[in-house]
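Encoded as structure tokens, the structure appears first; notes follow it.
The values are calculated or read from the model by the stated rules, or taken from the named source; none is laboratory data. As the structure is a computational prediction, the values presented were derived from the model and not from experiment. Positions of Cβ are backbone-derived with ideal geometry, glycine not excepted, and every protein chain shown enters the neighbour counts.
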Amino acid sequence: MIDFSSDATAIRDAVRGRSVKAVEVVAMFVARAHQANAQLHAFHEILEEDAMAQAQAVDAAIAAGRDPGPLAGVPVAVKDNIATRVGHTTCSSKMLANYRSPFDATCIERLQRAGAIVMGKTNMDEFAMGSSTEHCAWGPVHNPWDVSRVPGGSSGGSAVAATASLCGVALGSDTGGSIRQPASLCGCVGFKPTYGRVSRYGLVAFGSSLDQIGPLTRSVRDAALTYAAMAGVDVRDSTSANTVVEDPLGELEHSMKGLRVGVPHQYASQANHEQVNTIVQRAFDRLKAAGATMVPVDLPLTDVGISTYYVIAPAEASANLARFDGVRYGHRSAPRAGDTLDALYARSRGEGFGPEVQRRIMLGTYVLSAGYYDAYYGRALKVRRLIKAEFDKAFTQCDVIAGAASPIPAFRAGGMTDPLQMYLCDVYTVNTNIAGIPGISVPLGCIGVEGTDLPVGLHLQAPAMADAKLLRIARMVEKLHPEAARPPNKYATH
């Protein structure tokens, strides 16, 4: 029998082995999610009826002797910017408050074919713009370790759902760290695959050259299992990679002999929280004791990643969000006598978009405007190539690059009012997206901050298309940190 400490692999095995029915699993997690959501606010919608119908189909397949799939009976919480036929797809924005998608994203289709069950849509920073999940039209999400603190963002609801065992696995999207940063702050595994490895069809676009869908899970094996079900070329996404996907599960439990871990001195900045640097160094010591070689590498463009990102991403967001005009898509303001079309657009967007989204649209529009394009956007694209070349050079010396996923642990809600200060929370993750390489955050354990235990994650990055190798190394790190515990179970009694 399973319980809430079970990961997705254990749930799958129990369902396939007929020791528990998929409908029982769904009923258990739905009840827990309803109870915990009152305090944590991870879900915008819990889709009980639809989830039970999917679970009945899985149980029927097993009873008929058919293969139910590698994720049979596993309840999945889906970030609310990933299109699903069931429920709404709102991007946590008033602009899409009533939107229902007529289709499923490719990743949802593939997970359901693998037997997984969509159980709900999770809250997020509006249109995936934020690092705290406070910029959510439906209210902020709370960290399960301490509800007075943020869970990170923008995939904060998914990180909380995975960490607090409100689902089997969760899906997030990552444009500059939006899977890995909340995974670090909440204490779960957050994996951003190589750009193009998982289809973006059905993901509401923020920064099209940066966005990537990935899993948030309670174990590295679950991340590998979920990734394996989703990865692969998709004719509906021209940016998906038409290359063979290596099996991420085959050698997952085998430690890499001769592992070379790149350690950039830029990642051990004095701007980091002191205890973050300490726990990351402890992880390096354990890797070294396990036989890994720690290799100093230089990534001098680390500090320009944020400024590069905040030209490229808002520019792409400005173009992508232009479709939400209140006429063809999205919230439409009540008409007023004498309205011009421009006035209707402006009022609809002013009412539908929150402050952070408006800020980034204006920034993106500015850097793309006549007279400024070359000075900002064109220059940012040149720096992007340099950042990619910098990683390529570093990976000639090492197999993986390691450092803190976030410079600080979870901060108090409302405690970071300066947008620039918030943007710096992603200083170690944005360059992964700029370079198009895979990254993962693995829990290391907790540090004590103001009398509260708060988790810290180790961020690992690998060359493009080396996703299977990255997951294997992440599993090594996970096995070296058995003390990376779950948060106190005080939000649900089921």
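At a glance:
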quantity	calculated
Qualifying residue in the range 355-363 (condition: over 30 Å from Trp138 (Cβ atoms) and free of Cβ contacts under 8 Å to residues at least 24 places away in the same chain)	no
Residue ranges of helices (runs of 4 or more DSSP H) in the range 393-494 with at least 3 members buried (at least 19 other Cβ atoms within 10 Å of the Cβ)	430-435, 467-479
For Tyr377: the one exception among (1) part of a loop (DSSP other than H, G, I, E, B); (2) within 28 Å of the chain's Cα centre (by Cα); (3) not basic (Lys, Arg)	(1)
Checking Ala22 against (1) crowded, with 24+ Cβ neighbours inside 10 Å; (2) within 25 Å of the chain's Cα centre (by Cα); (3) not charged (D, E, K, R), the condition it does not meet	(2)
Positions within the range 136-181 being surrounded by fewer than 24 Cβ atoms within 10 Å (Cβ to Cβ), under 24 Å from Gly330 (Cα atoms) and out of contact with any Ser or Thr (no Cβ under 7 Å at 6 or more places or on another chain), in sequence order	Gly139
Residue count for the range 43-94, restricted to those that are hydroxyl-bearing (Ser, Thr, Tyr) and part of a strand (DSSP E or B)	0
Residues of the range 246-263 that turn out to be out of contact with any helix residue (DSSP H, G or I) (no Cβ under 7 Å at 6 or more places or on another chain) and surrounded by 15 or more Cβ atoms within 10 Å (Cβ to Cβ), as a count	1
Counted residues, the range 405-450 - those being at positive phi and among the acidic types (Asp, Glu)	1
Residue in the range 217-234 that is free of Cβ contacts under 8 Å to residues at least 60 places away in the same chain, in contact with a strand residue (DSSP E or B) (Cβ under 6 Å, 6 or more places away or on another chain) and either in a loop (DSSP other than H, G, I, E, B) or within 30 Å of Arg286 (Cα to Cα) (or both) present	no
Answer residue from the range 138-180, given it is assigned to a strand (DSSP E or B) and touching a helix residue (DSSP H, G or I) at 6+ places or on another chain (Cβ under 9 Å) and is farthest from Ala55 (Cα to Cα) among those	Arg149
First in the range 451-480 and on the phi > 0 side of the Ramachandran plot, second anywhere and of a type in the set (Val, Ile, Thr), Cβ under 7 Å, 6 or more apart	Met465/Thr194; Met465/Thr243
Condition met for Asp211 (within 24 Å of Ala116 (Cα to Cα), modelled with pLDDT of 95 or more and surrounded by fewer than 24 Cβ atoms within 10 Å (Cβ to Cβ))	no
Yes/no for Ile2 being aliphatic (A, V, I, L, M) and crowded, with 24+ Cβ neighbours inside 10 Å	no
Options Ala27, Ala10: the member that is assigned to a helix (DSSP H, G or I), farther than 21 Å from Ala224 by Cα, free of Cβ contacts under 8 Å to residues at least 40 places away in the same chain and not hydroxyl-bearing (Ser, Thr, Tyr)	Ala27
Test: residue in the range 286-302 that is of a type in the set (A, V, I, L, M), assigned to a helix (DSSP H, G or I) and either touching a Pro at 6+ places or on another chain (Cβ under 9 Å) or exposed (fewer than 15 other Cβ atoms within 10 Å of the Cβ) (or both)	yes
Meets criteria (at pLDDT 95 or above, within 21 Å of Ala404 (Cβ to Cβ) and either among the aromatic types (Phe, Trp, Tyr) or under 10 Å from the mean Cα position of the chain (by Cα) (or both)) for Ser184	no
